[in-house]
Amino acid sequence: MSLVIGIETSCDETAIGIVRDRKLLANVISSSMDEHARFGGVVPEIASRAHLEAFLNVLRQALQDANVKLADVDAIAVTEGPGLIGALLVGVAGATGLASALDKPLYGVNHLSSHIAVDYLTHDEEIEPTIALLVSGGHSSILQVNDITKDVIKLGATMDDAAGEAFDKIARIMNLGFPGGPAIDKEAAHGKINIDFPRGLTTAEDWRTRPYHFSFSGLKTAVARFLEQTPNYVRADVAASFQEAVVDVLLQKSLRACKDSGIDRLVIAGGVAANSRLRQVAGERAMKAGVRLHIPNPGLCTDNGAMVASLGSLMVSGGIAAKGALADSALAF
Ligand code: KG4
Ligand code: ZN
């Protein structure tokens, strides 16, 4: 049995999770999102400062929620990248201080892998190998996960915007605020899917040469043009139709990766995995395709500390040597 603290500060959430093996004991998140909203995006300097201010309170709260003491902790895990370098450094400095004061091993973890690893907390059965669709504000990738702690193969990724970024940009031009994903999700709930927006990289040639790659910039332009050319557009219908185009292409390509690889498991992770339409259509299509689907609870899809603790715990149980953490924004897949 090992007790692991996970620290996440790669963007605007100062988040600390505590797990005992695969059991989640605490998951505390302090977000500086409100301070960024008026700028229409996360301001790195504001995020770093907010992490500094929130760190100790979040740690204290997490220990209290888990009903454990720092002295009980067996290992510390921290996001070392990718992310905003100044923001990452706050978490890495805090984690390094804790590990050295407690004389416990320190694991630097990859933010993207940890989005997937959080799913391992919610069930006991084996899930590897699995195909993973990782969709966040900065990344949209299809991965083959043979072992989440050391063997993840990138099959494809976005060639321009990430899925979450597309949600954020479209929300901005429709005056729905920031972050755009939850706002579009909500708006789309009372809209009709009645506009046929383009599905990027789905021509016969694309399926042959880059079946697992995404492109959302054409979709973004198509929505912007539609809004310009349609004076009385129904905002909810545009949101629902845009969302459908993203969801459709994400799932077509992920399920194609399952079929091609012969792997009948799919994990969907990252902030966009909180999207209600993605979750619904994924359930329907995975069932039809005979693929076992895992999507973490919406609250565990967006950035949190539980995911870092989960990956750290898997590293401990996998016997991986702790090498410390080095904040590095170039750690992307
Ligand atoms: O994983 P995440 O919390 O942070 C990054 O690692 O980037 O993902 C944030 C992204 C944002 O672009 C946000 O708009 C999007 O996830 N998002 C959503 C939803 N909730 C968050 N996108 C669509 N629907 C949602 N419900
Ligand atoms: Zn993330």
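The values are calculated or read from the model by the stated rules, or taken from the named source; none is laboratory data. Computed from a prediction, not measured in an experiment: that's the story for all the values here. Heads up, the Cβs are rebuilt from the backbone with ideal geometry, glycines too, and the neighbour counts pull from every protein chain shown. All accessible areas refer to the heavy atoms of the entire protein, side chains included, with ligands and DNA or RNA removed. Shrake-Rupley method; radii C 1.70, N 1.55, O 1.52, S 1.80 Å.
Miscellaneous remarks
- Ordering of 308-314, 245-251, 292-298 by packing is 308-314, 245-251, 292-298, highest average first (other Cβ atoms within 10 Å, averaged per residue).
- DSSP beta bridge pairing in the chain, given as percent antiparallel to the nearest 5: 60 percent
- Here the Karplus curve 6.51 cos²θ - 1.76 cosθ + 1.60, taken at θ = phi - 60°, turns the phi angles of segment 139-146 into couplings of 9, 9, 9, 10, 10, 9, 9, 8 Hz, with x standing for Gly and Pro.
- Phi-based couplings in Hz for segment 162-168 (Karplus 6.51, -1.76, 1.60; Gly and Pro marked x): 7, 4, x, 5, 4, 4, 5
- Accessible surface area normalised per residue over the chain is 42 Å², counting heavy atoms of protein chains with a 1.4 Å rolling probe.
- Among 37-45, 138-146, 255-263, 106-114, sorting by the average number of other beta carbon atoms lying within 10 angstrom of each residue, highest first, gives 106-114, 138-146, 255-263, 37-45.
- Here's the picture: charge each Lys and Arg Cβ at +1 and each Asp and Glu Cβ at -1 in the chain, and of Val78, Val291, His111 the one pushed furthest to the positive end of that dipole is Val291.
- Per-atom-type breakdown for segment 60-174 gives carbon and sulfur 50% of the accessible area (1.4 Å probe, protein chains only).
- Accessible carbon and sulfur surface of segment 180-333 relative to its total accessible area, %, 1.4 Å: 52 percent
- Computed from point charges on the beta carbon alone (+1 for Lys and Arg, -1 for Asp and Glu), the dipole magnitude for segment 46-126 about its Cα centre is near 520 Debye.
- Three principal axis lengths of the chain [C-alpha, angstrom, descending]: 61, 46, 31
- Annotation: peptides 195-201, 116-122, 70-76, 127-133, ranked by per-residue average of other Cβ atoms within 10 Å with the highest first, follow the order 116-122, 127-133, 195-201, 70-76.
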